[in-house]
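The values are calculated or read from the model by the stated rules, or taken from the named source; none is laboratory data. What you see is a predicted model; the values in this text were computed from it and never measured. For neighbour counting, all protein chains shown are included, and Cβ atoms are generated from backbone atoms with ideal geometry for every residue, glycine included.
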Amino acid sequence: MPDGLYIGVLSGTSVDAVDAVLARWSPRLEVLASHSRPYPEELRAEVLALAVPGQDGVDRVGAADVGVGRCFAQAVRELLERAGLPPTAVRAIGSHGQTIRHRPGGAAPFTWQIGDPNIIATVAGIPVVADFRRKDLALGGQGAPLVPAFHAATFRSAGQARCLVNLGGIANVTVLPADPAAPVFGFDTGPGNTLLDAWCRRQTGERMDRDGRWAASGRPIPALLAELLADPYFARPTPKSTGPEYFSSGWLQARLDRHPGAAAADVQATLVGLTAGSIAAAVRPWCDGAGAALYLCGGGARNPELRRALAAVLPGTPVAATEALGVPVDLVEALAFAWLARQHVLGRPGNLPAVTGAARPAVLGGYYPAE
């Protein structure tokens, strides 16, 4: 029997839009509706500014917390209008929120997502489950990535070893062995779109390099690519997670300073090589054998130049999008947070300690009633 409807809502590190998806499990996953609401430009600029260390402040964070909450709530209301359903039809919303800082290391590890769940619950009229990452962090984990548990529940197959790669601002991989007794694991591989988008904004004023056309006009710079791939993060053992505060424009510029005169399009092509090369190094031990396959999701999965680069560095591995598994690439992550809300409501763990390094499985998030 169906156990209710669930909504997942999130915005990624690219801060392009708020994605919302309506789903139910009966017991198989069924996607009922989806909606994407662009961020207002002023709010988007504020969120991007808040993600730059040294440019934030308490008052600005508080105001953005409210603004992001309202934007998430409006995306949910518009989703329900599109689906023709009242708020009472939905059991809970799973809200990831908007990450403005992720620092899982050091003496005081923390992760910070804004988008007040109280506002979302009140405006949308639906209970909200939010703040998923900090319980895992409190248990000694990285707090990320959280999607591998959903990937395992949705995409694992006894007939095929699979690697799921989410190409958001930061890329993460989930390894799904064909052997049902083998553990699932995953980690952040490094930059996905974050450096590609930042360099494109800086050089062209465009929000992104649409379809990778600008990168395709350039040629990778081998010495620069080797230097980028030599960053210690890529060799660090798992569990590990990262964010745009590490792989920042400053991180890139420090290395560009040693390569004066590099053409802007060639730098963009090199950044495509960085994303593809770091992912390939991460998945090659697991998805480079007979029968293994790589499936892409997230906004970067729609970048043909990035897909081409991945296929070139993984010549023995079939590369496809998650549409081949029945789920559109743009909905995978929002569905993951709908699933995490469902796990919370049902009292089930949402994390995988083998992925995050937490001391134990845990029910993630806090519950915010609508009334």
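Could you tell me whether segment 297-311 includes any residue that is touching a residue at least 24 places away in the same chain (Cβ under 8 Å), more than 23 Å from I100 (Cα to Cα), within 24 Å of the chain's Cα centre (by Cα) and outside any helix (DSSP H, G or I)?
Yes, segment 297-311 contains a residue that is touching a residue at least 24 places away in the same chain (Cβ under 8 Å), more than 23 Å from I100 (Cα to Cα), within 24 Å of the chain's Cα centre (by Cα) and outside any helix (DSSP H, G or I).
Sort through G277, G291 and tell me the only one that's surrounded by fewer than 16 Cβ atoms within 10 Å (Cβ to Cβ) and either without any contact (Cβ under 8 Å) to a residue 12 or more places away in the chain or of a type outside the set (F, W, Y) (or both).
On the way: G277 fails: surrounded by fewer than 16 Cβ atoms within 10 Å (Cβ to Cβ).
Within the list G277, G291, the selection yields G291.
If you scan segment 341-352, which residues turn out to be in contact with a Leu (Cβ under 9 Å, 6 or more places away or on another chain) and farther than 14 Å from P104 by Cβ? Spell out the reasoning first.
Of the residues in segment 341-352, the ones in contact with a Leu (Cβ under 9 Å, 6 or more places away or on another chain) are 343-344, 349-352.
Scanning segment 341-352 gives Q343, H344, P349, G350, L352.
For segment 207-227: of the residues being modelled with pLDDT of 95 or more and in a loop (DSSP other than H, G, I, E, B), which is nearest to N166 (Cα to Cα)?
Here the answer is D209.
Which number in (1) closer than 21 Å to A23 by Cβ; (2) within 17 Å of the chain's Cα centre (by Cα); (3) buried (at least 24 other Cβ atoms within 10 Å of the Cβ) marks the one condition that V175 misses?
(1)
Please work out if R37 is free of Cβ contacts under 8 Å to residues at least 60 places away in the same chain and assigned to a strand (DSSP E or B). Lay out the reasoning, then the answer.
Details: free of Cβ contacts under 8 Å to residues at least 60 places away in the same chain: yes; assigned to a strand (DSSP E or B): yes.
So R37 fits the description; yes.
Quick one: R70 ticks every box in (1) without any contact (Cβ under 8 Å) to a residue 40 or more places away in the chain; (2) not in a strand (DSSP E or B) bar one, so which box is it?
(1)
Determine whether A92 is in a helix (DSSP H, G or I) and either farther than 27 Å from G357 by Cα or in contact (Cβ under 8 Å) with a residue 40 or more places away in the chain (or both). Spell out the reasoning first.
On the way: in a helix (DSSP H, G or I): no; either farther than 27 Å from G357 by Cα or in contact (Cβ under 8 Å) with a residue 40 or more places away in the chain (or both): yes.
Criteria not met by A92.
Contact list please: Cβ distance under 8 Å, first residue in segment 114-133 and crowded, with 24+ Cβ neighbours inside 10 Å, second residue basic (K, R), pairs at least six apart or on different chains.
Here the result reads A124/R77, each pair linking segment 114-133 to a residue that is basic (K, R).
Given (1) aliphatic (A, V, I, L, M); (2) out of contact with any Leu (no Cβ under 6 Å at 6 or more places or on another chain); (3) farther than 22 Å from L196 by Cα; (4) surrounded by 21 or more Cβ atoms within 10 Å (Cβ to Cβ), where does A20 come up short, assuming only one miss?
Among (1) aliphatic (A, V, I, L, M); (2) out of contact with any Leu (no Cβ under 6 Å at 6 or more places or on another chain); (3) farther than 22 Å from L196 by Cα; (4) surrounded by 21 or more Cβ atoms within 10 Å (Cβ to Cβ), A20 violates only (2).
Residues in segment 212-248 that are over 22 Å from V283 (Cβ atoms) and within 19 Å of the chain's Cα centre (by Cα): how many?
Looking only at that region, the number is 2.
Among the residues of segment 339-370, which ones are within 17 Å of the chain's Cα centre (by Cα) and closer than 14 Å to H151 by Cβ?
W339, L340, G350, N351, L352, V355, T356 - these are the residues of segment 339-370 that are within 17 Å of the chain's Cα centre (by Cα) and closer than 14 Å to H151 by Cβ.
Say whether the condition of being touching a residue at least 60 places away in the same chain (Cβ under 8 Å), farther than 26 Å from A17 by Cα and under 18 Å from the mean Cα position of the chain (by Cα) is met by at least one residue in segment 185-207.
Yes: one or more hits.
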